Amino acid sequence: MEVPSATGLSAALAAHPLFAGCSALERARLLAGTQVRHVPAGQLLTQAGAQATHYGWIVQGQATLCTPTPQALCSGAACGHEALAGGPPAQVRYLADLRADNAVSALHIERAALQTLLAGHAPLRSQALLALAQRLGALAAAPQTPAQTPAQPPQPNPPPGLPRRTWLGWGATLVLPLLAWWLASSAALPAHSAVYLGLFCMTALLWLFNLVDEFIPPLIAVVAMLFIELVPAQVALHGFYSRAFLLLLGVYGLSALMVSSGLAYRLMLWVLLRLPDRPAWHRFALTAFGFVLSIVMPSSNARMSLLLPLHQEMDANLGAPAHSPEATALMVAPFTGATLFAPLLLTAKSSNLAAFSMLPPQVRQEFEGAAWLVGAAVVALGLLLWHLGTMRRAWLPAVPAPLPQARLQAQLHTLGPLRRGEWAAALGFTLFVLGSLWPQSHQSQAAWLAGLLLGALLVLGLLDKPAFQSKIDWPMIFFLLSLDGLTQALGYLGLDKLLLAQLGTGLQWMDGSLGWFTALALLVTVLLRLVLPLTAGMVLAATLLLPLGIELGIHPWIVVFLTSLFSDIWFLPHQNSTYQQALGAGLRQRGDLALFMRYQWGLNAVRVLLAYASIPYWQWLGLDA
């Protein structure tokens, strides 16, 4: 049998009995993890006890499976069935040696690519393991020699105790909210305000110690407020009443279709084949796509959900080593594309829209549309240059490996012409982007357009019930909407006005000083963000600082912009839900978390420096009064 070229690998996969029923998209994905391996005579293709990393079959040559009854495997015989077994990678190991009798060429498919396929084709695992059991029957049935001793049953390990941080966190969560309620009551606050502060303290501690998943604490607080009738349902469930609910559902549904139809995969292959074959260009493509999405999509989580499939496919094709600077930089690119431009555009952040509604009417009229970006021009230019410079000159491999152009072409050829689902995904995405840019064309809002597109996908069967259940990030949706209710309750109970009265005392000496007010905005916003997620932290900071800034003679738009810019400063994982998305998408397995966080700390410092660098520009624009 002739060793297949890159273009023949797809046909070889389609002809193999185990993969004959796979779709063109699934074969194209497998092709990204398939390679031809040449093994000299006497060397091992698989080693008993070694981690099972590949499954494949012999293309040329002959090998011997070293069981008590040796078995000769010739051209076309499969090997490495163990790689299709479930369980953690470190626990999945080969059961027998496979030694080359002469020069052997074999196709090897990486286990990671196989596990992605098995997620949608569970019977394939059973078929492979059944074949393995039949082949190794002689090993299982072999008589025990006197030198062998019966294996002792493994002794169960005692269950590990909870870490000290967890014990401390739960202890603080049980005690400190009661203490906060008692202190608030002792300070003669209204009873409902004291209860809210206790719930707020509980929520912040659950986040701070990472005791439960991120979406659970605000959901508990909302349910508790409803149970004791602390606020009306319209306040506690404000997020579920709002247009954000349909917007998030529509975006996640469209994202799921782009992935399942293969459109995102095809777009990634097309981009890789046409951009210059250099690491900086690979990263720039992801960041630029995030900027385009920021124009019309007011959720960094929704933008990240669209960028992650592109990153995952690009990462699989580039093949950077795990935890290397190259792999980390490739994850930084979509994260930056989803988050870097959030404070620079009015429509790029839901909290921007919330804070924009607090501005005086004449200021709202002045800063609609592109005027927001004009006011943020210094910060926008500085952030973009800093990021592109870092991606261009840092974290580059010593010897950049060229992309496998022949394999990429073969993958694109395997996909064939655009299919019905891809056309629908492309049309839906185009309609959503254009409809968000020009809402006057349909006399409606982007959220209602997203809901209409979601309904169309469901009615046409392009997004079925299992996909609707599994492809939409329901925990993230509940987190964002529950957080909105928690923030609305703060204003309903009047606690924002109470905090403002306490904060404003003794700050009159700051009258009109942009430098000192920038420092105050930094301090207040960063402190709030230590315990509050991004949306709540920015909205609360704007709620507190906007009246104070107007009283001190600071332009209202500058106040809102500073809170938006500084709310993107974060230090701990619980402070950024988009970072949580990146972790869930494989950042911990693929990237270097320490290197990622050093980049983030540098970006935090750059944001502060650019805020001060903007002061002369704002004065030139006449925004200093």
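The values are calculated or read from the model by the stated rules, or taken from the named source; none is laboratory data. Here the structure is a predicted model, which is why all the values come from computation and not from measurement. Methodologically, a virtual Cβ is constructed for each residue, glycine included, from the backbone with ideal geometry; neighbour enumeration extends over all protein chains shown. Quick note on the areas: whole protein, heavy atoms, side chains included, nothing else; ligands and nucleic acids left out. Shrake-Rupley method; radii C 1.70, N 1.55, O 1.52, S 1.80 Å.
Below is a table of values for the structure above.
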read-out	value
Separation of the Leu275 and Ser513 label points, Cα + 7 Å toward Cβ, nm	4.6
Cα gyration tensor, the range 186-306 - rounded (a/c under 1.5), prolate or oblate	prolate
Stretch gain in nm, segment Phe227-Gln589, where the contour uses 0.36 nm per residue and the Cα spacing is subtracted	126.2 nm
Per-pair calculated FRET efficiency, R0 = 35 Å: Thr430 and Ala322 via Cβ, rounded to 0.05	0.45
Probe 1.4 Å - accessible area at His54, Å² to nearest ten	40
Per residue solvent-accessible surface (Å²) - the chain, probe of 1.4 Å	46
For Cα extents along the principal axes in Å, calculated from these coordinates, the label among (i) 129, 79, 46; (ii) 89, 56, 50; (iii) 120, 48, 48	(ii)
Carbon plus sulfur fraction of accessible area for the chain, probe 1.4 Å, in percent	66
Net lengthening on full extension, Arg243/Leu388 (0.36 nm per residue, minus Cα-Cα)	48.7 nm
For the range 234-298 versus the range 587-611, the gap between their alpha-carbon centres in whole angstrom	22
Structure-based [θ]222 nm, the chain - -39500 (n - 2.57) summed over DSSP H runs of at least 4, per residue, nearest 500	-19500 deg cm²/dmol
Computed label-point distance, nm, for sites Gln60 and Ala41 using a 7 Å Cα→Cβ extension	1.5
Per-pair calculated FRET efficiency, R0 = 22 Å: Leu458 and Ala20 via Cβ, rounded to 0.05	0.10
Whether the range 478-625 is rounded, prolate or oblate, judged on the alpha carbon gyration tensor where a/c under 1.5 counts as rounded	oblate
